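The values are calculated or read from the model by the stated rules, or taken from the named source; none is laboratory data. Keep in mind that what you see is a predicted model, and the values were worked out from it rather than measured. FYI the Cβ positions are ideal-geometry reconstructions off the backbone, even for glycines, and counts take in every protein chain you see.
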Amino acid sequence: MVMEKIGKTASLATYRRIMKKHGKSWKRQRKIPRGKPTEDEYARGVTDIAELEDLAQDGEFDLVYFDASGFSLQPCIPYAWQDIGRAGTLRIPASHSMRINVLAFLNPTAQTLDAYEPIGPMTSLVLIDIMEDFCELLTGPVVVVLDNAPIHVSKAVMERRESWEKRGLTLYFIPPYSPELNLIEILWRKMKYEWIQSLAYVSMTALACEIHRIIDSFGSEFKIEFAN
């Protein structure tokens, strides 16, 4: 488009210098929750997660982070220009499209990922089946951190909590609108903004193969350095 307007081409570095000269900075865009927790709720969540991490480090149980994410042929645009001095990161509204749903359990300490790709709509029954399957893999007690999505807190799921706890799986729900307390959100950002190659967006088949490649190689080719 620049070539069409002025009849000249320039390097990316040149364009960036021009944008900065005109008071712009290169900022990451991020989707935001529809609401926010109260200060007390958020403080409680931070404290709870810290205590759970300490107990996990002491070997009381494994601490695992659970969530779902969708992948579509619309690639994420993680960065854009913003006026210099404007506070905060750029925010964009969520959009809906055909997508591949992935649900996963992330153990940041062991760098392991147990992922599921259900077919069809996401429902409480799908979640229950996945939790049941995960229970079969347990070799010791596990605390699963997850958010308050409707299918996570449905009556059907809540009715299973006691039976799961008897099998070693305990659910901990972070405060509403606090996705940053769930470390698996870092995984989704890495996949969408860094790890998925651009050629994967040519078709759903290619995208599915790329997602499977990353999941299968997590902990070896793909790693995340989590702060202690």
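So if I check each of 165, 210, 194, 185, which one is modelled with pLDDT of 95 or more, surrounded by fewer than 16 Cβ atoms within 10 Å (Cβ to Cβ) and charged (D, E, K, R)?
Answer to the check: 165.
Restricting attention to segment 102-141, which residues are in a loop (DSSP other than H, G, I, E, B) and of a type outside the set (Val, Ile, Thr)?
108, 110, 111, 117, 118, 120, 121, 122, 138, 140, 141 - these are the residues of segment 102-141 that are in a loop (DSSP other than H, G, I, E, B) and of a type outside the set (Val, Ile, Thr).
Does residue 24 satisfy being surrounded by 15 or more Cβ atoms within 10 Å (Cβ to Cβ) and modelled with pLDDT under 80?
yes
May I ask you to verify whether residue 130 is in contact with a helix residue (DSSP H, G or I) (Cβ under 7 Å, 6 or more places away or on another chain) and closer than 24 Å to residue 52 by Cα?
In short, no.
In segment 53-77, which residue that is assigned to a loop (DSSP other than H, G, I, E, B) and closer than 28 Å to residue 119 by Cα is modelled with the highest pLDDT?
Only one residue fits best here, namely 72.
How many residues, within segment 142-177, are in a strand (DSSP E or B), among the β-branched types (Val, Ile, Thr) and more than 17 Å from the chain's Cα centre (by Cα)?
Count: 3.
Considering only segment 203-228, how many residues are farther than 20 Å from residue 119 by Cα, of a type outside the set (Gly, Ala, Ser) and free of Cβ contacts under 8 Å to residues at least 60 places away in the same chain?
Going through segment 203-228 one residue at a time, the tally reaches 4.
Within segment 165-191, can you find the residues that are over 30 Å from residue 39 (Cα atoms) and touching a residue at least 12 places away in the same chain (Cβ under 8 Å)?
167, 168, 191
For segment 188-221, enumerate the residues that are more than 20 Å from residue 65 (Cβ to Cβ), in a helix (DSSP H, G or I) and of a type in the set (Asp, Glu).
210
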